[in-house]
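Read the structure below first, then the notes.
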Amino acid sequence: MTTTLATPFFTLLNSDFIPSDDEVSQIDSLLTHQSYYLQDIESDIKRAKALYDDLMSQRSKLLEVMNGHRKLVSLPRRDAVPMDVLQEIFLHCLPSNTSDRNEMPLVLTLVCKRWRQTAMVMPKLWTSIHLTIPRYLPNGILSSELEHNQDDTSSKSCVIRKVEMQAAGMLEWLARSRNRSLSITILDQNSFITSDNHLQPIFNALLPTSNRLKELQMTTSPIRFAEFLKTSQSIYPILETLQLAFIPNWTPTRIPLPIPNIDMWKKSPLLSAPSLRQLKLFRIPIDVTVLSVTWDCLTHLTIHCSVGPSSANEGFKLLARCTNLVIFRLTIACALSPFTFPLLPNHAAAIQYEKVTLPNLTTLSITDGNSNDDPSVLESISMPSLASVDWFWLSRTRSPIQSLVQNYCLRRLNTNAQLFDSDDFIHCLRSCPNIDHLILSSPSAQEWRRRTIDGSDEFLRLLSTTNTNGVYLCSKLEVLERSDGGAKYTEQALLDFVKVKQAGRDGLAKLRRLAIVFSRQQIQPIASMLEPYLSEGLEVVLEYSDKSSTPNTLSIVDDSPREYYFKRSRII
C-alpha cells in the first residue's frame with residue numbers, strides 16, 4: 001500500500017501561513033483520511049515484525065540442530081585423532097602459569113567420553129595442583145567467595161568445610177598422577193590466630209606425597225607453617241623448588257606472638273632437602289642464615305624482607321656460601337613491624353672475608369633499606385659471569401655499585417640514580433660497552449628529592465653521538481627506562497635520539513623499548529612523530545605528571561620496594 005504525501009497545503013508546511021476557517025475544515029478532512037492510511041501501515045508493521053520474529057526463531061532452532069549434527073561428525077567423536085597425537089595435544093594445552101593449571105585438565109574431561117578416558121589415564125596432566133584457601137573474617141562477615149552460602153552462620157565453619165572438600169579433591173587429583181613428580185601451590189591468606197588449624201586436612205593430604213614433591217609454593221601465616229613443620233617429619237628427596245611466603249599474623253587484641261622455634265626450623269627436612277636448587281623466602285620470621293639449607297647446591301636464591309639477613313653485609317656473607325648460585329635476590333626493609341614478627345638475635349656464625357668465586361652467578365639484585373654497615377665483604381666475592389644487576393641502596397657513600405659496574409662486563413643495569421654523580425655515571429657506562437638494558441628508577445618516593453644524575457638532553461646526546469675516539473656510549477643499548485624523577489628531556493631531544501638509534505648506522509643498536517616517566521606535564525605533542533617507529537616494533541611508554549597531584553612520602557616497605565612519586569597520565 002502506498003500513499004502520497006502531497007496535499008494542497010504541503011508547500012505551506014513549516015511556514016507562517018495562517019489558514020482560514022474553510023482551509024481549517026479542509027485540513028481536518030485530510031488528517032482524517034491520512035489517519036486511515038496510518039492505521040493500515042501500523043498493521044502491516046505488526047505483521048512484518050511477527051513474521052521476522054518467527055523467522056529468527058526458526059533460524060536459531062535450525063542453527064542449534066546443525067551445530068549438534070556438526071558435533072556428531074567432529075574429530076573427537078569419530079576417533080579420527082590417534083591416541084598418541086591426542087595425548088600430545090593435551091600436554092600442550094597445559095598453561096605455564098601454575099594458578100591456571102587446575103581448570104585445564106578438568107575441561108578436557110568434559111568434552112566427550114573418549115577425551116575423559118584419555119585424560120584420566122595420563123598421569124602427567126595431574127602433576128600440578130593449585131589450592132586457594134577461602135578467607136574468613138573474625139567478625140563473622142563472609143568473604144566474597146562465600147557470600148552465596150547464606151545458610152552458614154559462621155564463615156569460619158564454612159571455610160573449614162570447604163577446605164575439607166579441597167583436601168578430598170586433592171587426594172583424588174594426586175591419585176591420578178600415580179608416581180609422577182608433583183608441583184603443589186597452596187595460597188592461604190588467613191592471618192588470624194585461632195586455636196585450630198584449618199589447613200590440617202590439606203597438610204594430611206600433602207605429607208604422603210613428600211617423596212614425589214618436586215616443587216612446593218606455600219603462602220600462609222607463620223603460625224600455620226610452624227604447625228606444618230611439627231607434623232612434617234618426612235623426607236623430600238626430589239624437592240628442587242621451594243617458595244615460602246608469609247603473611248603477618250594478626251590478633252584483634254594484639255596478643256604477643258609466639259617466638260618461632262628456631263631448632264624446629266633448622267631441623268626441618270623440608271628446608272634441608274638434598275636436591276633443593278631454587279629457594280625463595282618472603283618475610284621469614286627467623287634469620288635465614290641459621291637454616292640447614294645446603295647452600296652450596298642452590299642455583300636460585302631470593303630473600304625478601306625477612307628477619308635476617310638484617311643487612312646487606314650479612315646477605316653478602318650468605319652469598320659467599322652459595323658457590324653455585326646463578327641468581328641472587330635480596331630485599332631488606334627499612335624496619336620490621338613489631339606486630340609482624342618478633343625480632344630474634346642473630347645466630348649466624350661469623351664468616352671471614354676470604355676470597356670466594358661464584359663462577360655461575362649471572363644476576364644480582366639488592367634492595368637495601370638500611371645501608372647501615374660497610375659492604376666491603378662484597379669486594380671479596382668474584383663474580384666473573386655477572387651480567388645483570390639490580391641495585392637499590394639508600395646510602396650514597398657506602399654503596400659498592402660503582403665498583404660493580406666498572407669491574408664486570410654488565411649487560412643489564414637497574415639502579416637508583418642517586419648513587420652516582422653525573423660524571424661518575426658516564427664514566428661507569430663507558431666501562432660497560434655491552435650494556436643493552438639501562439633502567440634508572442628509585443626504591444622510594446623520598447629518593448626523588450635527592451640529587452640525581454643528569455637528566456637533561458645532554459645525556460641523550462651522549463648516547464647517540466660518538467666521542468673524540470669515534471666510540472658511542474652504550475652502543476648496544478636496546479632498552480632505556482627512567483622513572484626516578486630525574487628525566488628532564490625535551491620531546492624534541494627524545495625524538496632526535498630515537499631517529500639516530502633507529503637509523504642503526506655505525507653499529508649503533510636499534511631501540512626495542514623506551515620508557516620515560518616525567519615529573520612535568522607534556523609540552524610538545526610527540527606521539528604522532530613517533531608513529532613510524534612504533535609501526536616498526538619500537539615500544540614507547542611516556543608518562544607525564546598530573547599537575548594537581550601532591551607528593552607522597554613513601555619508603556621501602558615489605559611489599560612495596562619501589563613506588564612512583566607522581567600521579568601520571570600515559571600518552572603512548
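I want to confirm something. Restricting to region 460-488 and keeping residues that are closer than 19 Å to residue 542 by Cα and open to solvent by 10 Å² or more (accessible area, probe 1.4 Å), which single residue is modelled with the lowest pLDDT?
The selected residue is 485.
When region 308-317 is examined, which residues are found to be in a helix (DSSP H, G or I) and more than 19 Å from residue 245 (Cβ to Cβ)? Lay out the reasoning, then the answer.
Taking region 308-317 first, the residues in a helix (DSSP H, G or I) are 312-317.
Residues satisfying the conditions are 312, 313, 314, 316, 317.
Please enumerate the residues belonging to region 170-184 that are farther than 9 Å from residue 127 by Cα and open to solvent by less than 10 Å² (accessible area, probe 1.4 Å).
Answer for region 170-184, where residues must be farther than 9 Å from residue 127 by Cα and open to solvent by less than 10 Å² (accessible area, probe 1.4 Å): just 170.
Would you say residue 274 is farther than 19 Å from residue 304 by Cβ and at pLDDT 90 or above?
Here the answer is yes, as residue 274 does meet what is asked.
Determine the pairs where a residue that is closer than 15 Å to residue 478 by Cβ and without any contact (Cβ under 8 Å) to a residue 24 or more places away in the chain, located within region 492-517, has a partner that is open to solvent by 20 Å² or more (accessible area, probe 1.4 Å) and not in a helix (DSSP H, G or I) with Cβ atoms under 9 Å apart, the partner being 6 or more residues away or on another chain.
Listed pairs, sorted by first residue: 503/510; 504/510.
Return a yes/no flag: does region 390-400 have any residue that is touching a helix residue (DSSP H, G or I) at 6+ places or on another chain (Cβ under 8 Å), in a loop (DSSP other than H, G, I, E, B) and modelled with pLDDT of 70 or more. Even if it seems obvious, please write down each step before you answer.
Keep residues of region 390-400 that are touching a helix residue (DSSP H, G or I) at 6+ places or on another chain (Cβ under 8 Å), which gives 391, 393-394, 396, 399-400.
Right, trim to in a loop (DSSP other than H, G, I, E, B) and you get 394, 396, 399-400.
From what is left, the residues that are modelled with pLDDT of 70 or more are 400.
Among the residues of region 390-400, at least one is touching a helix residue (DSSP H, G or I) at 6+ places or on another chain (Cβ under 8 Å), in a loop (DSSP other than H, G, I, E, B) and modelled with pLDDT of 70 or more, which makes the answer yes.
Okay, residues lined up against (1) without any contact (Cβ under 8 Å) to a residue 12 or more places away in the chain; (2) surrounded by 10 or more Cβ atoms within 10 Å (Cβ to Cβ); (3) hydrophobic (A, V, I, L, M, F, W, C); (4) not in a helix (DSSP H, G or I):
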site: 29; (1), (2), (3), (4): yes, yes, no, no
site: 37; (1), (2), (3), (4): no, yes, no, no
site: 49; (1), (2), (3), (4): yes, yes, no, no
site: 58; (1), (2), (3), (4): yes, yes, no, no
site: 75; (1), (2), (3), (4): yes, no, yes, yes
site: 81; (1), (2), (3), (4): yes, yes, yes, yes
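Could you grab me the full set of residues in region 359-382 that are open to solvent by less than 50 Å² (accessible area, probe 1.4 Å), modelled with pLDDT of 80 or more and under 21 Å from residue 280 (Cα atoms)?
If the condition is that a residue be open to solvent by less than 50 Å² (accessible area, probe 1.4 Å), modelled with pLDDT of 80 or more and under 21 Å from residue 280 (Cα atoms), then 361, 362, 363, 364, 365, 366, 367, 368 are the ones that fit.
Could you list all residues from region 8-37 that are of a type in the set (S, T, N, Q) and modelled with pLDDT under 80?
If the condition is that a residue be of a type in the set (S, T, N, Q) and modelled with pLDDT under 80, then 11 is the only one that fits.
Under the condition of being part of a loop (DSSP other than H, G, I, E, B) and of a type outside the set (S, T, N, Q), which residue from region 104-135 is least open to solvent (accessible area, probe 1.4 Å)?
Across region 104-135, the extreme among qualifying residues is 134.
So residue 312 passes all but one of these: (1) crowded, with 18+ Cβ neighbours inside 10 Å; (2) modelled with pLDDT of 90 or more; (3) not aromatic (Phe, Trp, Tyr). Which condition number does it fail?
(2)
Just give me the residues in region 182-226 being touching an Asp or Glu at 6+ places or on another chain (Cβ under 7 Å) and modelled with pLDDT under 85, in sequence order.
The answer is 197, and nothing else.
What's the total number of residues in region 497-526 that are open to solvent by 30 Å² or more (accessible area, probe 1.4 Å) and of a type outside the set (D, E, K, R)?
Of the residues in that region, 10 qualify.
Among what's in region 316-340 and is of a type in the set (Ser, Thr, Tyr) and at pLDDT 75 or above, pick the residue that is least open to solvent (accessible area, probe 1.4 Å).
331
The values are calculated or read from the model by the stated rules, or taken from the named source; none is laboratory data. Nothing here was measured: the structure is a model prediction, and the numbers come from that model. Reconstructed Cβ throughout: ideal geometry from the backbone, glycine too, with neighbour counts over all protein chains shown. SASA here: full protein model, heavy atoms, side chains in, ligands and nucleic acids out. Shrake-Rupley method; radii C 1.70, N 1.55, O 1.52, S 1.80 Å.
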